[in-house]
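What follows is one structure encoded as C-alpha cells, with my remarks underneath.
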Amino acid sequence: MMSFPVVEHVITLVVALGAGVVGGMLGLGGGFLIVPYLSLFLGFSMQKAAGTSLFTTFFTSLSATLTYAYQKRIDYLVGVVVGFAAAFGAFLGAFLTQFLASNVLRIIFGVVALYAGLNMAFKKDKKVGEEGFSKNFFLFGRFVWRRILTDNRMERFEYSVDMVTVFVASFAVGLLAGLIGIRGGSLEVPFLTLVAGVPIHISIAITVFMGMFCSSAGSIMHFMLGNIVYPTIVFLCIGVFIGGHLGARVSRKIKAEKLRKIFGFIILVIALRMMVPI
C-alpha cells in the first residue's frame with residue numbers, strides 16, 4: 001500500500017506499546033489510540049484502520065489474559081458467554097463496514113469515543129460487587145448467576161450477573177467493535193462494573209478475556225474483506241503484546257480510576273479530532 005521508512009516503524013511500535021499498556025491495565029484493546037493513528041497519521045481508510053486495529057487487539061487481549069489468568073481474576077464462565085456474544089456482534093459489524101463510507105465510520109468512531117471519554121473522565125465511581133443486579137432494573141427478565149471468585153492472593157469477590165442482559169449488551173459492544181476497530185472495553189468495563197455489579201478488577205479481566213473472542217471474529221471478516229494492512233500489523237502486534245503484559249502486571253499497583261479519568265480526557269480530544277478532521 002505504501003512505503004514505511006524506519007521512523008514510521010519506530011513510531012508505530014511506540015504507539016502500539018502505549019496502547020497495549022493502557023489496554024492491559026484498563027481492559028481496553030487500544031483501538032481508541034491505534035485507529036486514529038492509522039487513519040490520521042498514516043492515511044489509512046477507516047475500513048483498513050478498523051481491520052488492522054481489531055486484528056492487533058487480539059494480541060493485547062492474549063498478552064493481558066495470560067497475566068490475569070495467573071492472577072486468577074478471570075471469571076471464565078461469564079467471560080465465555082460475553083465473549084461469544086461479542087464475537088457474533090464483531091463479525092456482523094466487520095461485514096457491515098463494506099457498506100459504509102469511510103467518513104461515516106469516522107463519525108461513528110467519534111461519537112462512541114466521545115461517549116467513552118465522557119464516561120471515563122467524569123462519571124463518579126460506585127461501590128458495586130456484593131449486591132450485583134439485586135438493586136438494578138432488569139431489561140430482559142431475571143437469569144442471575146451468583147458468582148464467588150478468589151484470586152491468587154486470596155482476595156475474595158462476590159457478585160451476581162444477569163446473563164441475558166449481559167449477553168445482549170455484549171453483542172452490541174461487539175457490533176461496534178467490528179465497525180470501528182476497537183475491542184469494546186471502554187464500553188464493556190463500565191457496563192459490567194456500573195450496571196451489572198461486577199467488581200472493577202474482575203470486569204477488566206473478563207473484558208480482556210472477552211476481547212480474544214471479539215477481535216478474532218471481527219478480524220476474520222476484515223481479513224476476508226482485505227482490510228488488514230502489512231507490514232504495519234507486525235509492529236503493532238509486537239508493541240501491544242508487550243504493552244498488554246506490562247499493563248496487566250501494574251494494574252494492581254495503580255488505581256485504575258485515576259488513570260481512567262486521564263485517559264478519558266485523551267479520548268475526548270481524539271473523538272473531536274476524528275469527527276472534525278483538519
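Read the figures in this text as sums done on the coordinates, not as results from a lab. Keep in mind the model is a prediction, meaning the values are calculated, not measured. So basically every Cβ, Gly included, is an ideal-geometry build from the backbone, and we count neighbours across all protein chains shown.
Assorted remarks:
- Stretchable slack from M275 to V164, in nm (0.36 nm times residue separation minus alpha-carbon distance): 36.6 nm
- Highest to lowest packing among 219-225, 149-155, 60-66, 205-211, scored as the average C-beta count within 10 Å: 205-211, 60-66, 219-225, 149-155
- Distances between placed amide hydrogens fall under 5 Å for R147 paired with Y159, S160, V161, all partners being 5 or more residues away or on another chain.
- Given in Å, the Rg to one decimal and the Dmax to the nearest whole number for the Cα atoms of the stretch 1-99 are 15.2, 45.
- Taking the Kirkwood radius as Rh and the Cα radius of gyration as Rg, the stretch 185-250 has a ratio of Rg/Rh equal to 1.06.
- Protection-proxy order for peptides 108-114, 41-47, each taking the mean of Cβ atoms within 10 Å per residue, highest first: 108-114, 41-47
- Near-label residues of the stretch 28-57 by backbone N, under 16 Å of a point 7 Å along Cα→Cβ of L96: 47, 50-51
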